[in-house]
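**Q** Sharing a structure here in structure tokens format.
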């Protein structure tokens, strides 16, 4: 890899700041971080309502509340809710994942042992539908309110009850539902933003992950030297926002160089 | 009714690592060869291009390059007292689907099994006596020695451009290589990959403890390399998306990069994709295979006659097609008789994860097989007297590229979610690495493969049923090996560490390794093996069964290098002996 020139850094930095991958960041109202100023939404961009394809409004409210506990917003930055994880889950449930595409779905369906894995007759889409309904029923019975209307401490108590299996749900095992939600939340927080979560690359920025594959030949033996680059997503490349080399690898904008340039 | 096609000389069932090598070499001798592959065509230029090919959700979580279970899966149970249930989604292991097979998404590690591995039984009995293993253990010798396979290992390493450092060149121990490896006739074709920070720390600590570190041999090529077929495998760029992914650079050796460019140009070769073989048909005396039956993507059924049938699909399907076709006697664990499905084994991986406050590993960088290893605790490289187990595994610290959906290690005791979890993930994503151990797994009377009585595939055929659990030997071994790794970890001096030996019942849920072995094992005795030392069926002389299914038990390494050597072992016998005089080679 030839080291990108300073001129390329500046050009890339400007481009990354100016353009936003369609359908991903345009809805974001989250302010840019000082370190990642390249990701501010363009001024005057209309805030489009997110087109939920599977979840009802009540289910969106449930998941917005639930995922904000699983990965909360805090001093480290946005949480799962702010990163669009509910929308990510909606898109997943509407798509192949939700319907168990490429998975074995023939019965019979005895429950099996934990070692035998997923044995539910319900698809993930159906698990969410049943799990949210049953959890809300539990909340109504216990607190007189649906999950999203509870105080945060009560919500936390309910989630811990699902996680530990203390709350029994009617149609689906509580831990099965909880683990699915937790796994999908982590996926939505860290998956490429093209899937609708990880908005503004919040998950990647949290851990210092630079996104799609890049060329590290000249850096990998620089031991104990943190490599800090503006993360690049699939849409940054397909949308020609990020500069790429001849193999399609992004030419990274290093964060310190970006600051110096800006 | 199947349409009967014009006969050809040879058919490979499956077009992956073994099927492409055999097809190339046989087509070059002038034979008409047809490759039949259940999945689709895939090539580097069109299918593995940036940026879409490096998407963690699609490839690691949703297993885009791997077997479509909606059509066919296996059923699984831990023991014969349980009801086997379908593996509804992939987890523990990840068979491939499509041209190139699992050698598209493999991690690249290309080992030679130890000389001891091929003689596990006789050497164990000689050194420790019969009481070293449980009565239930069905370990056995392979019927082939390391020395016989050596030229074949060499050939495969030169085909795939393996990067590494010899430790034993013609009997001379070479500093910097693995001193425990069998004598090799040549240095690796390419020098080792670069050394990451975690590997360096591992090396310093391991050497302080008196161990000899060496580079893990890998088919992620350290430089552009042209092989004997004129195919150029490119130089690895350490992008960090290797195992579970296809390589956009063409730098990880695979059928696509090493063999297919030449094979597809040979007019003697014809590839048929999206065609699923459902049966190998025998003559009336059941001594000779006459054809294979397959269904194409338009639902048409064909019968392809051939003189030579090469069963070159994944381990599990090789065993299943034998069972579905009624070739060889199915194994019966109650009597211990029969052979097809016998000696299914796996791997016993474990790890120690180290967490630091002040060190950064840029965890997202790396390559498959990039790392430094020690082999002091593999095979019979150490005295097992009084330990109550046999076998071992290599241990390594590598930089293999880690994406945050799957890789976000946190110290033990951290909650699974919430603010504290988030803090730990944020802190340690780039400040942690693991020492990993590729523990061996022995074979046992109660671990086997057969046909499921209930569940069926998309063609109405019974699924393969896996009955498997690890035994005390594996648990003790894993505990012992993992403690050794923990000693090295302590010498490195992390702030925290998680020590994770493999314990408890085997589960198909979390990923462990795609190192399934056995079911069609090789050997010297037809009463305990499916194929002879040339991988020729004992029952049907024009059928060769090739792959890790031939391993009578699994060693403490990744299997691919040994699978490559076995492929050439079969090939040489076919070319130099079988084609001249078809019949039983043993």
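The values are calculated or read from the model by the stated rules, or taken from the named source; none is laboratory data. Values in this document were obtained by computation on a predicted structure and should not be read as measured data. Note that we place each Cβ from the backbone using ideal geometry, even for glycine, and neighbour counts take in every protein chain shown.
**Q** Criterion first (touching a strand residue (DSSP E or B) at 6+ places or on another chain (Cβ under 9 Å), more than 14 Å from chain A (Cβ to nearest Cβ) and under 23 Å from residue B:49 (Cβ atoms)) does residue B:211 satisfy it?
**A** Considered against the rule, which asks whether it is touching a strand residue (DSSP E or B) at 6+ places or on another chain (Cβ under 9 Å), more than 14 Å from chain A (Cβ to nearest Cβ) and under 23 Å from residue B:49 (Cβ atoms), residue B:211 comes out as no.
**Q** Which of (1) assigned to a helix (DSSP H, G or I); (2) surrounded by fewer than 17 Cβ atoms within 10 Å (Cβ to Cβ); (3) at the interface with chain B (Cβ under 8 Å from one of its Cβ atoms) is the odd one out, the single condition residue A:154 does not satisfy?
**A** Only one criterion is unmet by residue A:154, namely (3).
**Q** Now a separate question. Looking at (1) within 19 Å of residue B:247 (Cβ to Cβ); (2) within 13 Å of chain A (Cβ to nearest Cβ); (3) over 21 Å from the mean Cα position of the chain (by Cα), which is the one condition that is false for residue B:41?
**A** (2)
**Q** Among the listed residues B:271, B:324, B:316, identify the single one that is in contact (Cβ under 8 Å) with a residue 12 or more places away in the chain, assigned to a strand (DSSP E or B) and buried (at least 16 other Cβ atoms within 10 Å of the Cβ).
**A** On inspection, the qualifying residue turns out to be B:271.
**Q** Let me ask you something else. State whether one or more residues within the range B:531-546 are in a strand (DSSP E or B) and free of Cβ contacts under 8 Å to residues at least 40 places away in the same chain.
**A** yes
**Q** Can you tell me which residue within the range B:398-408, out of those that are within 11 Å of chain A (Cβ to nearest Cβ) and in contact with a helix residue (DSSP H, G or I) (Cβ under 8 Å, 6 or more places away or on another chain), is surrounded by the fewest Cβ atoms within 10 Å (Cβ to Cβ)?
**A** B:406
**Q** So residue B:363 ticks every box in (1) surrounded by fewer than 22 Cβ atoms within 10 Å (Cβ to Cβ); (2) more than 30 Å from residue B:530 (Cβ to Cβ) but one. Which box is left unticked?
**A** (1)
**Q** Only one residue in B:496, B:502 is in contact with a strand residue (DSSP E or B) (Cβ under 6 Å, 6 or more places away or on another chain) and either free of Cβ contacts under 8 Å to residues at least 40 places away in the same chain or under 10 Å from residue B:350 (Cα atoms) (or both), so which one is that?
**A** None of the others qualify; the one that does is B:502.
**Q** Still on this structure, I have one more. Of all residues in the range B:88-123, count the ones that are part of a loop (DSSP other than H, G, I, E, B) and more than 14 Å from chain A (Cβ to nearest Cβ).
**A** 12
**Q** Among the residues of the range B:416-465, how many are more than 30 Å from residue A:78 (Cβ to Cβ) and either assigned to a helix (DSSP H, G or I) or more than 8 Å from chain A (Cβ to nearest Cβ) (or both)?
**A** Final tally of qualifying residues: 28.
**Q** Tell me which residues, restricted to the range A:34-68, are in a loop (DSSP other than H, G, I, E, B), modelled with pLDDT under 95 and touching a helix residue (DSSP H, G or I) at 6+ places or on another chain (Cβ under 6 Å).
**A** Residue satisfying the conditions is A:50 alone.
**Q** Moving to a separate point now. Right, residue B:182: at pLDDT 95 or above, in a loop (DSSP other than H, G, I, E, B) and on the phi > 0 side of the Ramachandran plot or not?
**A** no
**Q** Let me ask something else. I'd like the full set of residues that are within 8 Å of chain A (Cβ to nearest Cβ) and assigned to a loop (DSSP other than H, G, I, E, B), limited to the range B:54-71.
**A** B:54, B:55, B:62, B:63, B:68, B:69, B:70
**Q** Just for the range B:183-208: of the residues that are touching a residue at least 40 places away in the same chain (Cβ under 8 Å), out of contact with any strand residue (DSSP E or B) (no Cβ under 7 Å at 6 or more places or on another chain) and over 16 Å from residue B:400 (Cα atoms), which one is surrounded by the fewest Cβ atoms within 10 Å (Cβ to Cβ)?
**A** If we take residues in the range B:183-208 being touching a residue at least 40 places away in the same chain (Cβ under 8 Å), out of contact with any strand residue (DSSP E or B) (no Cβ under 7 Å at 6 or more places or on another chain) and over 16 Å from residue B:400 (Cα atoms), then B:208 is surrounded by the fewest Cβ atoms within 10 Å (Cβ to Cβ).
**Q** Inspect all residues belonging to the range B:299-306 and state whether any of them is surrounded by fewer than 23 Cβ atoms within 10 Å (Cβ to Cβ) and closer than 30 Å to residue B:434 by Cβ.
**A** No - not one qualifying residue is present in the range B:299-306.
**Q** State which residue is farthest from the chain's Cα centre (by Cα) when the search covers only the range B:340-378 and only residues that are assigned to a loop (DSSP other than H, G, I, E, B) and under 30 Å from residue B:320 (Cβ atoms).
**A** B:341
**Q** Here is a list: B:84, B:27. Which entry is over 24 Å from residue B:457 (Cβ atoms) and crowded, with 17+ Cβ neighbours inside 10 Å?
**A** Criteria check complete, one pass: B:27.
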